[in-house]
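Engineer: Let me begin by handing over the structure; questions about it come next.
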Amino acid sequence: MNRFNFINSQGSQSFRFMIIRFFLLFIAVFSISFSNAQSVSIKGRIFDKQSNEALPFVNILVQGTGIGTASDINGLYKLENIQPGLISIEVSSVGYKRIMISDIKVTRARTTDLDIGLERDSKTLDVIEISASAFTKRAESPLSLYTIGASEIERNPGGGRDISKVLQSLPGVAGSVGFRNDIIIRGGAPNENRFYLDGIEVPNINHFATQGSSGGPVGMINVDLIREVEFYSGAFPANRGNALSSVLEFKQKDGNSDHIKFTATVGSSDLGLTMDGPLSDKGNYIFSIRRSYLQLLFKAIGLPFLPTYNDTQVRVKWKFNKKNELLFLGLGAIDDFVLNEDANETELQRYLLANLPVNNQWNYTSGFVFKHYEKNSFYNFIISRNHLNNSAVKYLNNDKSNISNKLLDYQSEEIENKARLEYQATVSDYKISASVNFENVNYSNSTFNRISLPGGISTVDFNSNLEFNKMGFSMQLNRSFFKNQLSVSTGIRFDANDYSSEMADLFDQMSPRISFSYALTDKWNLNANAGIYYQLPSYTVLGYRDNLGVLINKQNGVKYIQCDQVVAGVEYRPGKNSRITLEGFHKQYSDYPFLTNDSISLANLGADFGVIGNAPVISASKGRSKGIEFLLQQKMNKGYYGIFSYTFVNSEFTDKSGEYLPSAWDNKHIISVTGGKKLKRNWEIGAKWRYLGGAPYTPYDLDRSSTILVWDVTQMGLPDYSKLNSERIKSNHQLDVRIDKKYFWRKISFDFYIDIENLYNFQTELQPYLLVKKDASGNNLIDPNDQSKYQTKLLDNTSGNVLPSIGLILEW
């Protein structure tokens, strides 16, 4: 049950018209544009990606203009007399691959710093000439790879400057209905994704994270620090392990090299301030802090829960010399969730108050990346630490006066200390990369939880402390053949840990992979990838103990989850800024955790707020997911941009009888259409329409749920797993619209936008809530035909309302 769905059903009407009036007033006051005559500039350094040596005489051209320049003997360049807004540049040099960088934001508030690394190209004069393209392609990942610029994240309609929502415009990506940021890729569970920030792994990128999974209502990474995001939905590089569905690589900006600069933002749910600037001539920094004001809004409109989140992000880069540099980054969040017990007028409010626990959570990730360049190679040495603290408490009727009313008391911590060494070199026509990693894990869990099992009410009561080590090794080799017409990449990865003998042998988790890309012409490519991937079950699974203190899942022989994947497709690039792709995929899961209490696969449990996997399991479930994806994409060109994607996916996992049934992520049809236009006088308008097929759900066990002894503990309907995923919610679709107006003054840049989600007010019908009937005094009614049960009823559960929001971005 999604606690944030309630936002959609109450409260938005009371402030919707206020926001629209404010928007109209703002436009009336600022309809006269200030002078836009002054131009802006971009500067930076062009260098060899492999050796970090400066590249002189490189050509840099602003697309669609006559503006261009060449780098000097030190690799330095400066582009001047550029009009503010979004631009794309092309970079070319003999002996290096031609590249295009699109959607670069330039303003009068600052000179844009952009250092550009070029990759060596061994092709001869008679090979197929590949022109510069706005789309990234790599030998190890020739397909299922998408690059998203910061400007694309910022302007995405309904995205709220949140990368998890922006990803839902891409093929193969499904989201949850309501206020969650679950990333569901090609029919896989949300916990199958991995996130990296400048090469440092971040366990979760959302506030109010679900422990044992991922997702949450609000993104934790501030887009003001992001340069671009690389999203792999398959064909993962060998140096990125422990992922089954996707890998996201966040690449951050350098701080300003000239002066201290500031960016202030007012978003739909938070306030933020970002500061960046130089540290002498060798370093730079960028720092941000944000705080939500959702709790104030929720209280004003009478919601029964009040969430508050805070986050901070810092990045410091220091260049000792041209061969050595050090990067430090930190990311942290504090999330609090309390109940608003005064909001109890409606049945739905009272239901939510009866079920939602009081939750507090904080987490951080910090680390260093040291980079050393040689003549034809470089090393990355990465050390990091991440820490999650998660607690939840619930009392019957929220009455803390009697300890016997306690239903849930949960406290858990996850700490990871990591070290990784990466090496990359070019030897003749070969590109070689290798990595080795080591991790120390500390996990603790104190759980008191009264739960309902098929045999009746049971109490889970244990304390668990767990420490173990993980290790991994990878190699990847890339080479081109037939005058670069065929590109081949082979890789292998090994993973193991000392948690148990079942997972201690590196060769038991041997993960080979191979990719091909064949250029039919300079515009058409055939691409394919096959690989075997492994992922460790969550720490909530590994650290679970029974009431006797036994690590029952270790005793049950829990294993790594295995997923065999094959992807193949064709790509057509009619122009530098456009492409059309068609891909087919097949994923085969084995050794997936199977919940022995409920007799279902963990993949069919769905995802919600709280904890996933804190239960006894065996590695016995199987799954499969297959489908096709179509993409038509136009990057910003002549003021237009757009994406059309369609996905058909069929996702199934086995039940207790070994029969394949639809998984919780089996949405079947996913359609997304996003487009926009830059207008005159710095106006921009965009729209996004999404269609999501109805996901399966399991109906309630009415007989068991209505039992007095059971209901007094659970306070909600319990699923009937003998009818696993036999029902589906209705399909969901909505239209989001965004309007931007930008002002570029002498030293200040200002962006005002209004974002309207679900413009035509589509109402999605979700699984109804199960409630107990009450008399006029609020007492539960007992079933006259069975004195051991309550009378129950179903309460409609709909999600959807017009949700307008305003945003302000000020740079100076």
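The values are calculated or read from the model by the stated rules, or taken from the named source; none is laboratory data. Just so we're clear, the structure is a prediction, and the values are computed from it rather than from any experiment. Note that we place each Cβ from the backbone using ideal geometry, even for glycine, and neighbour counts take in every protein chain shown. For accessibility, only protein heavy atoms count, side chains too; no ligands or nucleic acids. Shrake-Rupley method; radii C 1.70, N 1.55, O 1.52, S 1.80 Å.
Engineer: Label the stretch 691-761 by shape, choosing from rounded, prolate and oblate, from the square roots a ≥ b ≥ c of the eigenvalues of the Cα gyration tensor; if a/c is under 1.5 it is rounded, and otherwise prolate applies when a/b is larger than b/c, oblate when it is not. Before the final figure, lay out each step's value.
Structural biologist: Values: a/c = 5.37, a/b = 2.77, b/c = 1.94.
It is prolate, given that a/c is not under 1.5 and a/b is the larger ratio.
Engineer: Now for a different question. Semi-axes of the equivalent ellipsoid of the stretch 670-812: what are they in whole Å, largest first, if each equals the square root of 5 times a C-alpha gyration tensor eigenvalue?
Structural biologist: 49, 19, 11
Engineer: Take the solvent-accessible surface of the protein heavy atoms, probe 1.4 Å, and return the percent of it on the chain that carbon and sulfur atoms account for.
Structural biologist: 57
Engineer: Per 10 Å bin from zero, what fraction in whole % of the C-alpha pairs of the stretch 660-736 is there, up to the bin with the longest pair?
Structural biologist: The percentages, shortest bin first, are 16, 26, 22, 17, 11, 6, 1.
Engineer: Next up: Taking a cut-off of 20 Å between Cα atoms, list the aspartates and glutamates near Lys299, but don't count ones fewer than 8 places away on the same chain.
Structural biologist: Asp270, Asp335, Asp336, Glu341, Asp342, Glu345, Glu347
Engineer: Report, in debye and to the nearest 20, how large the dipole of the stretch 474-630 comes out about its Cα centre when Lys and Arg carry +1 and Asp and Glu carry -1 on their Cβ.
Structural biologist: 740
Engineer: Now for a separate question. Over its Cα atoms, what ratio of radius of gyration to 2.2 N^0.38 Å does the stretch 436-518 give?
Structural biologist: The reported ratio for this selection is 1.87.
Engineer: To continue, here is another question. Would you mind pulling out the separation of the Cα centroids of the stretch 574-603 and the stretch 299-314, in Å?
Structural biologist: Comparing the Cα centres of the stretch 574-603 and the stretch 299-314, I get a distance of 33 Å.
Engineer: Taking a cut-off of 36 Å, what percent of all Cα-Cα pairs in the chain are separated by more than that?
Structural biologist: Distances greater than 36 Å cover 46 percent of the Cα pairs.
Engineer: Cα gyration tensor of the stretch 358-493, axes a ≥ b ≥ c as square roots of the eigenvalues: rounded (a/c below 1.5), prolate (a/b > b/c) or oblate?
Structural biologist: prolate
Engineer: Taking the alpha-carbon centroid of each part, what is the distance from the stretch 378-427 to the stretch 694-740 in angstrom?
Structural biologist: 28
Engineer: Still on this structure, I have one more. With no solvent and one point per C-alpha, what does the Debye sum give as log10 I(q)/I(0) for the stretch 450-594 at q = 0.10 Å⁻¹?
Structural biologist: So the normalised log intensities work out to -0.56.
Engineer: I want to check the label-to-label distance for Asn417 and Gln555. Put each point 7 Å from Cα in the C-beta direction and report it in nm to one decimal.
Structural biologist: Here the modelled spin labels are 3.1 nm apart.
Engineer: FRET efficiency for Lys323 and Leu520, Cβ-Cβ distance as r, R0 = 45 Å, nearest 0.05?
Structural biologist: Details: r = 41 Å, r/R0 = 0.91.
For Lys323 and Leu520, the calculated efficiency is 0.65.
Engineer: If you don't mind, there's one more thing I want to ask. How about Lys323: which lysines have a C-alpha closer than 25 Å to its C-alpha, ignoring those fewer than 8 places off in the same chain?
Structural biologist: Within the straight-line limit of under 25 Å, Lys323 reaches these lysines: Lys43, Lys49, Lys78, Lys97, Lys251, Lys253, Lys282, Lys371, Lys375, Lys418, Lys431.
Engineer: Also, I was wondering about something else. Taking only the Cα atoms of the stretch 515-596, how large is their convex hull per residue, in Å³?
Structural biologist: Spread over its residues, the Cα hull of the stretch 515-596 gives 116 Å³ apiece.
Engineer: Using just the helices of the chain, give the 222 nm mean residue ellipticity in deg cm²/dmol: DSSP H runs with n ≥ 4 each add -39,500 (n - 2.57), and the total is spread over all residues, rounded to 500.
Structural biologist: Per the formula, -2000 deg cm²/dmol.
Engineer: Right, another one. Give the lysines reachable from Lys626 as a straight Cα distance under 16 Å; neighbours fewer than 8 places away on the same chain don't count.
Structural biologist: Filter leaves Lys587, Lys668.
Engineer: Next question. Tell me which chymotrypsin sites (Phe, Trp or Tyr not before Pro) from the stretch 226-297 have a DSSP coil assignment and no more than 14 other beta carbons within 10 Å of their own.
Structural biologist: Those satisfying the criteria are Tyr293.
Engineer: Sort 105-115, 319-329, 440-450 by packing, meaning the average of other beta carbons within 10 Å per residue, with the highest value first.
Structural biologist: Listed from highest to lowest mean packing, they are 105-115, 440-450, 319-329.
Engineer: For the chain, what is the percent of antiparallel DSSP beta bridges, rounded to the nearest 5?
Structural biologist: 95
Engineer: How large is the convex hull of the C-alpha atoms of the stretch 439-485 per residue, in Å³?
Structural biologist: Convex hull of Cα atoms, per residue: 182 Å³.
Engineer: Less than 20 Å from a label point 7 Å out along the Cα-to-Cβ axis of Gln588: which backbone N atoms in the stretch 180-199 qualify, by residue?
Structural biologist: Once the point is set 7 Å along Cα→Cβ of Gln588, 186-189 turn out to lie under 20 Å by backbone N, inside the stretch 180-199.
Engineer: What does the highest-first list of 361-367, 62-68 look like by mean Cβ count within 10 Å?
Structural biologist: Ranking, from highest mean packing down: 361-367, 62-68.
Engineer: Mean separation of Cα pairs under 8 Å and 6+ residues apart, divided by the residue count of the chain: what relative contact order is that in percent?
Structural biologist: Over the chain, the number comes to 12 percent.
Engineer: Relative contact order of the stretch 233-375, please, whole-number percent, based on alpha carbon pairs below 8 angstrom and at least 6 residues apart.
Structural biologist: Computed over the stretch 233-375, the figure is 17 percent.
Engineer: With contacts defined as alpha carbon pairs under 8 Å and 6 or more residues apart, what's the relative contact order of the stretch 203-286 in percent?
Structural biologist: Taking the mean separation of contacting Cα pairs over the length of the stretch 203-286, I get 20 percent.
Engineer: Working from Cα positions, state the angle (0 to 90°, nearest 10) between the long axis of helix 12-29 and the longest principal axis of the chain.
Structural biologist: Orientation of helix 12-29: about 20 degrees from the principal axis.
Engineer: State in Å² the accessible area per residue of the stretch 591-661; use a 1.4 Å probe, count heavy atoms of protein chains only, and round to the nearest integer.
Structural biologist: Counting only protein heavy atoms, the per-residue value for the stretch 591-661 is 39 Å².
Engineer: Grab the beta carbon distance between Ser788 and Gln763, set R0 = 25 Å, and tell me the FRET efficiency rounded to 0.05.
Structural biologist: That pair, Ser788 with Gln763, gives E of 0.10.
Engineer: Return the FRET efficiency for the residue pair Asn74, Ser446: r is the Cβ-Cβ distance, R0 is 60 Å, and the value is rounded to the nearest 0.05.
Structural biologist: So, using R0 = 60 Å, E works out to roughly 0.55.
Engineer: Cα-based Rg (one decimal) and Dmax (whole number) for the stretch 218-366, in Å?
Structural biologist: Cα only, the stretch 218-366: 20.1, 66 Å (Rg, Dmax).
Engineer: Can you give me the three principal axis dimensions of the stretch 383-463 from its C-alpha atoms, in Å, biggest first?
Structural biologist: For the stretch 383-463, the Cα extents along the three principal axes come out at 73, 28, 20 Å.
Engineer: A further question follows. How far apart, in nanometres, would the label points at Asn355 and Leu781 be if each is projected 7 angstrom from Cα along the Cα-to-Cβ direction?
Structural biologist: 2.0
Engineer: In nm, to one decimal, how far is the Ser366 label point from the Thr596 one, both placed 7 Å along Cα→Cβ?
Structural biologist: Here the answer is 4.1 nm between the modelled labels.
Engineer: Scale the Cα Rg of the stretch 216-303 by the rule-of-thumb value 2.2 N^0.38 Å and send over the ratio, two decimals.
Structural biologist: Values: Rg = 17.6 Å, N = 88, 2.2 N^0.38 = 12.1 Å.
Taking the Cα Rg and dividing by 2.2 N^0.38 Å, one obtains 1.46.
Engineer: Something else: Hey, could you grab the Kirkwood Rh for the stretch 557-667? Inverse mean 1/r over distinct alpha carbon pairs, Å, one decimal.
Structural biologist: 16.4
Engineer: Sticking with this one: Leaving out ligands and nucleic acids, note down the accessible area per residue over the stretch 350-448 with a 1.4 angstrom probe, in whole Å².
Structural biologist: 43
Engineer: Then there's this: Any idea of the accessible area per residue across the stretch 247-293, 1.4 Å probe, to the nearest Å²?
Structural biologist: 42
Engineer: If you count, for each residue, the other Cβ atoms within 10 Å and average over each peptide, how do 294-304, 424-434, 393-403 line up from highest to lowest?
Structural biologist: Top to bottom by mean Cβ count within 10 Å: 294-304, 424-434, 393-403.
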